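Bear in mind that the values in this text are calculations on the coordinates, not laboratory data. This is a predicted model, so every value here is computed, not measured. Neighbour counts are summed over all protein chains in view; Cβ atoms, including those assigned to glycine, are modelled from backbone coordinates with ideal geometry.
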Amino acid sequence: MLYLQLAWRNLWRNKRRTIISAASVFLAVFLALLTRSMQLGSYNFMIENVVRLSTGYMQIHQTGYWNTKSIDLALPDDPAMRTRLMQMEHVTQVIPRLQSFALAASNQATRGAMIQGINPGLEDRLNSLSGKISAGSYLEDADSSALVADGLARYLGLGVGDTVVLYGMGYHGTTAAGQFPIRGIVRFSLPEMNASFVYLSLHQAQTFLEMPRLINSLSVMIDLPRHQTAAYEAVSGAFGRNYEVLSWQQMMPEVVQGIAVDNAGGIIMIAILYVVVGFGIFGTVMMMTLERRREFGVLSALGMKRGKITLMVLAESVLLSILGVVSGTIAAFPLMLYFANSPFRLSGEAAEAMLKLGLEPLLPLSVQPSIFISQTLTVLAIAMVSTVYPALVLRRLEPVQAMHT
Amino acid sequence: MAIIELRQVEKIYDSGAVPVHALRGVSLDVEPGEFTVVVGPSGSGKTTLLNLIGGLDRPTSGTVRLDGTDLAALSRSALVEFRLHHIGFVFQAYNLIPVLTAEENVEFVMLLQGRPKETRRKTVHELLKAVGLEEKMSNRVSELSGGQQQRVAVARALASGPSYVLADEPTANLDTEAAGTLLNIMESLNNERKTTFVFSTHDSRVVERARRVVRLVDGRVSEDTTHRPA
Ligand SMILES: Nc1ncnc2c1ncn2[C@@H]1O[C@H](COP(=O)(O)OP(=O)(O)O)[C@@H](O)[C@H]1O
Ligand SMILES: [Mg+2]
């Protein structure tokens, strides 16, 4: 208490210097918080959406499926297995899919297509597929018709009510062929999807590919991203011996890498900012030490141990930093909170990049506690490092010499 | 038993280009309750002597026993602790902690000693009253005159309950009136509390009032006179 009080008053002996130093910490913390909040917010948003649109947080396949994408590596569409997954902690949704490549044809043209055998209800709950219908209507559970992506339908010159012909390779080399009335057209922002996707109900796809009661992936959704490790361990513990269980990170390493690169860039920028600020704090603490050598000599003469004097200087440095951290946080938090709830809408290159991933070009900020904790700890660490020099000066402190100057 | 015991103390400063022989074989005993003044011309070694008695510095040779403890037996940090519990200081330049109030300055050493709050409060009041500053207790020391600051310094020196109080030229920065007040206070503290004082001065007005005068010339004790108390 004594040290804090003393330190606090000492700080205000040179108001201007203290305010300038604290302001530099304030600015660094403010910028760092916003930067991190944007970065982590965009990663979370991207991950959440990519995961919803494609792989889920993890998938279960027949061993070897992910690398080969072989239609023959299928797994049973087993309701008991799905129930068991749903009962696991953190698991919120389990989505079976049967995907395969085929040719889609009309009278006029033929083109490669990605056949998506889905459970319409589950899929819609996961990624609101029905919201992307641009004409016609969404699939029903035991539907015998198809949804065709907008770009593909245009290419084939087909519309709602027309029939699309699909043929390709079925299970174990059989020939798969069928014709399906088009119930609806779906429009995707991601061009590859828009040019190739054809949705069938799972049952239809199984019939078409001659794979009754077989699927090739079970996607698993969980409640919170941070529970992924726990959930993955549970799922892989239960099914990993017979099947391959892959996390989204394993299935989409390019996304992980893109985030890592961007993240490193942000951290480097912030590190440079903090180095500059660190020199500011260091300079202030150093001046506060050097100009008070005489006073420290007196304190030592009175019986205050060097360690305690050092502690007082540390308290000064920490208080100075805390001033900056607290004010920076107070200034940044409302902004972060506001833009967490009503995200920026991006434009230009950034927006295009996100559209390409099939994402809405939004940038919701993150207010996760780790952002505040890590900035606070960083500044505190700087404050402590800044006290190393005063500590060295104080180690050599001899009251007689110090008071002589 | 003497509270301060110096035997054949030499102090040579050899930090500069030429070594300075500041004390040349000083032997001195101070008994509890004494009121001793060290006098001598500038450069005669008064400050050096008081620094040794204050445990702020070590002799080049000879022994210094303070309150029964040989200085040589104390480590650097033990010496700091020793000063805290055994010695009170009054400096020429007051040297109060500028950001603290008068009462906080007095309380400070007791906080370092870890004394309970009640004791601290009581002692602070008592001492500031004794030096005639109970009115100025909660003033920042920068708001006090030089004489008042030096009285706060005397109160601070006594607050730790030291065995003796050292004052190196405590009146040097004060006008005649303030110096007189300070001396009166120190004298009455010596009379009433039997506080042992050792202080240095080259102020002749001060010398007249001292009971014991130790005169230093060129680092040697040239005279040591004790007057009968009046
Ligand atoms: N820290 C020091 N380093 C070198 N010489 C010193 C130091 N302190 C005092 N001296 C020298 O020692 C001698 C005695 O000084 P001092 O004890 O301060 O005398 P006084 O207090 O009587 O004026 C002087 O010649 C002074 O210059
Ligand atoms: Mg002197």
Inset, instruction - Test A:Gly297 against the criterion of being assigned to a helix (DSSP H, G or I), within 14 Å of chain B (Cβ to nearest Cβ), surrounded by fewer than 17 Cβ atoms within 10 Å (Cβ to Cβ) and not hydrophobic (A, V, I, L, M, F, W, C), and give yes or no. - result: no
Inset, instruction - Considering every residue within the stretch B:83-96, establish whether at least one is touching a Pro at 6+ places or on another chain (Cβ under 6 Å), in contact (Cβ under 8 Å) with a residue 60 or more places away in the chain, closer than 24 Å to B:Val39 by Cα and within 16 Å of ligand 1 (Cβ to nearest atom). - result: yes
Inset, instruction - Working only within the stretch B:161-176, note down all residues that are assigned to a loop (DSSP other than H, G, I, E, B), within 13 Å of ligand 2 (Cβ to nearest atom) and of a type in the set (D, E, K, R). - result: B:Glu169
Inset, instruction - Examine the stretch B:193-201 for a residue that is part of a strand (DSSP E or B), of a type in the set (A, V, I, L, M, F, W, C) and within 16 Å of ligand 2 (Cβ to nearest atom), and state whether such a residue exists. - result: yes
Inset, instruction - Among the residues of the stretch B:1-20, count how many are more than 16 Å from ligand 2 (Cβ to nearest atom) and either part of a strand (DSSP E or B) or within 26 Å of B:Pro162 (Cα to Cα) (or both). - result: 11
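Okay, residues lined up against (1) within 12 Å of ligand 1 (Cβ to nearest atom); (2) surrounded by fewer than 14 Cβ atoms within 10 Å (Cβ to Cβ); (3) on the phi > 0 side of the Ramachandran plot:
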position: B:Asp14; (1), (2), (3): yes, yes, no
position: B:Val20; (1), (2), (3): yes, no, no
position: B:Pro41; (1), (2), (3): yes, yes, no
position: B:Ser61; (1), (2), (3): no, yes, no
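The rows are residues; the columns are (1) in a helix (DSSP H, G or I); (2) of a type outside the set (Val, Ile, Thr).
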residue: A:Lys15; (1), (2): yes, yes
residue: A:Ser21; (1), (2): yes, yes
residue: A:Ala32; (1), (2): yes, yes
residue: A:Leu40; (1), (2): yes, yes
residue: A:Leu73; (1), (2): no, yes
residue: A:Glu89; (1), (2): no, yes
residue: A:Val94; (1), (2): no, no
Inset, instruction - With the checklist (1) touching a strand residue (DSSP E or B) at 6+ places or on another chain (Cβ under 6 Å); (2) over 25 Å from A:Gly307 (Cα atoms) in hand, flag the one item B:Gly88 doesn't pass. - result: (2)
Inset, instruction - From the list A:Val275, A:Val255, A:Val285, A:Val326, pick out the single residue that is buried (at least 20 other Cβ atoms within 10 Å of the Cβ) and either assigned to a helix (DSSP H, G or I) or polar (S, T, N, Q) (or both). - result: A:Val285
Inset, instruction - Tell me the strands (runs of 3 or more DSSP E) entirely within the stretch B:26-138 that contain at least 1 residues that are more than 14 Å from every other protein chain (Cβ to nearest Cβ). - result: B:35-39, B:61-66
Inset, instruction - Filter the strands (runs of 3 or more DSSP E) completely within the stretch A:101-156 down to those with at least 3 residues that are surrounded by fewer than 22 Cβ atoms within 10 Å (Cβ to Cβ). - result: A:110-118, A:133-136
